[in-house]
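Asks: Quick one: structure below, then a few questions.
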Amino acid sequence: MSSSGSKTRGLLWVAAAALFAAVMVIGLPVLARHTPWRMERWLAGVFGGAPAAPTCKGRGQADSFAQFQRVVKRIYPLDAEDNALPITIDVIPGKTVNAYATLGGHIYVIDGLLQQARSAEELAGVLAHEIEHVRNRHIMQGVAVNLLTLGAFAVAMPGDPTAGSQIAYLLLTLKFSRQQEYEADEAGLRRLQAAHVDAAGFRNFFERAEKMAAPPQILSNHPPSEARAELAARYRGYATEPVLTDNEWKTLTAICQ
Ligand SMILES: [Zn+2]
């Protein structure tokens, strides 16, 4: 009797673990997609994530900021669903080649990326990818996973004084899964096509980034380069219109000077 009792308990544990795994895998993305923006914005206020440095508005050449806004407007907003998104896109000073989206729909491009990009189309390609991380609620999903991980930490080590710094660390090192990166790539490319922006910019930027001596953080967890190239290759042959002239692009890149 006791052996069948422990067998039942064992089975219950297996069932509970399977249920927990199912909630993690299926439930979290659904939960994240249905989290109201108001709540994500509130979480953004609690956890921060905004850069310490003020954003670049083109002090030297006020026109730089206007050109940056033109690139953004070209790809966002495009439809009613976009209009409902609370996205803001800004440039911040720094040498790192990166762009990232934080909680609450804030996207930041580091000046180092602008200096590596060779055209407005390349910048638009990176921005389209980040916009889709926001639109697909990937940031909220990542935060939900991290909060659950922290909950597990708290249960395993009650009263651990380092828990606070672990929270900050997990939120700062938010990583997207490969599947999320692929989703952002594919939807980003569709966005470029809808806006008649040449997707060669997307292809070229990421191809060059692969070959940099220190591959930029924006490539972490990205799909294998062949898979990304293969996907990007499907988006060609449609009618395109240039985003900026060469001179306008040059003006834009001085936005942090
Ligand atoms: Zn990404």
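Asks: Give, as a single signed number, the net charge of other residues whose beta carbon lies under 11 Å from the beta carbon of ILE89, with Lys and Arg counted +1 and Asp and Glu -1.
Replies: Charge balance in the 11 Å sphere: -1.
Asks: Starting with the fewest neighbours, write out HIS138, HIS106, HIS34 ranked by other beta-carbon atoms found within 10 Å of each beta-carbon.
Replies: Placing the least packed residue first, the sequence is HIS34, HIS106, HIS138.
Asks: Follow-up. For segment 200-257, which chymotrypsin sites (Phe, Trp or Tyr not before Pro) are both in a DSSP coil and crowded by at most 13 other Cβ atoms within 10 Å?
Replies: TYR238
Asks: Within segment 52-91, find all residues whose amide N lies under 15 Å from a label point positioned 7 Å from the Cα of ARG190 along Cα-to-beta-carbon.
Replies: What the label zone holds, given the 15 Å backbone N cut-off, is 78-82.
Asks: By its C-alpha gyration tensor, with a ≥ b ≥ c as the square roots of the eigenvalues, how is segment 1-112 shaped: rounded for a/c under 1.5, else prolate for a/b larger than b/c, else oblate?
Replies: Prolate.
Asks: Any idea what diffusion coefficient the chain gets from Stokes-Einstein, in µm²/s, Kirkwood Rh on alpha carbon pairs, 25 °C, 0.890 mPa s?
Replies: Estimated via Stokes-Einstein, D reaches 122 µm²/s.
Asks: Which one of ILE139, ALA16, ALA62 has its Cα pushed farthest toward the positive end of the charge dipole of the chain, where Lys and Arg give +1 and Asp and Glu give -1 at the Cβ?
Replies: Positive-end residue among those listed: ALA16.
Asks: When all alpha-carbon pairs of segment 60-123 are counted, what percent fall beyond 16 Å?
Replies: Tail of P(r) above 16 Å: 52 percent of Cα pairs.
Asks: Of all DSSP beta bridges in segment 37-252, what percent run antiparallel (nearest 5)?
Replies: 45
Asks: Compute the FRET efficiency between LEU147 and GLN61 as 1/(1 + (r/R0)^6), taking r as their Cβ-Cβ distance and R0 = 45 Å, and round to the nearest 0.05.
Replies: So, using R0 = 45 Å, E works out to roughly 0.60.
Asks: Let me ask another. Taking a spot 7 Å from the Cα of ARG41 along the direction of its beta carbon, which residues of segment 84-102 have an amide N less than 18 Å from it?
Replies: Counting only backbone N, you get 84-90, 102.
Asks: Still on this model: So how do ILE110, ILE87 line up by other beta-carbon neighbours within 10 Å, fewest first?
Replies: ILE87, ILE110
Asks: For the chain, what is the charge dipole size about the Cα centre, in debye to the nearest 20, if Lys and Arg each add +1 at the Cβ and Asp and Glu each add -1 at the Cβ?
Replies: 480
Asks: Could you work out the relative contact order of the chain, using alpha carbon pairs under 8 angstrom and six or more residues apart, expressed as a whole percent?
Replies: Reported relative contact order: 26 percent.
Asks: Then there's this: Ranked by Cβ crowding within 10 angstrom, fewest neighbours first, how are SER64, SER6 ordered?
Replies: SER6, SER64
Asks: Can I ask one more? Using amide H atoms built 1.01 Å from N in the peptide plane, name the residues 5+ places from GLY94, or on other chains, whose amide H lies under 5 Å from its own.
Replies: HN-HN under 5 Å from GLY94: ASP111, GLY112.
Asks: Where the centroid of each part is defined by its Cα atoms, how far is segment 219-257 from segment 31-70 in Å?
Replies: With segment 219-257 and segment 31-70 each reduced to a Cα centre, they are spaced 21 Å.
Asks: Report, in deg cm²/dmol and to the nearest 500, the calculated mean residue ellipticity at 222 nm for the chain, where each DSSP H run with n ≥ 4 adds -39500 (n - 2.57) and the sum is divided by the residue count.
Replies: Calculated from helices alone, the mean residue ellipticity at 222 nm is -18000 deg cm²/dmol.
The numbers here are math on the coordinates, done by the rules we state, and not lab data. Keep in mind the model is a prediction, meaning the values are calculated, not measured. Positions of Cβ are backbone-derived with ideal geometry, glycine not excepted, and every protein chain shown enters the neighbour counts.
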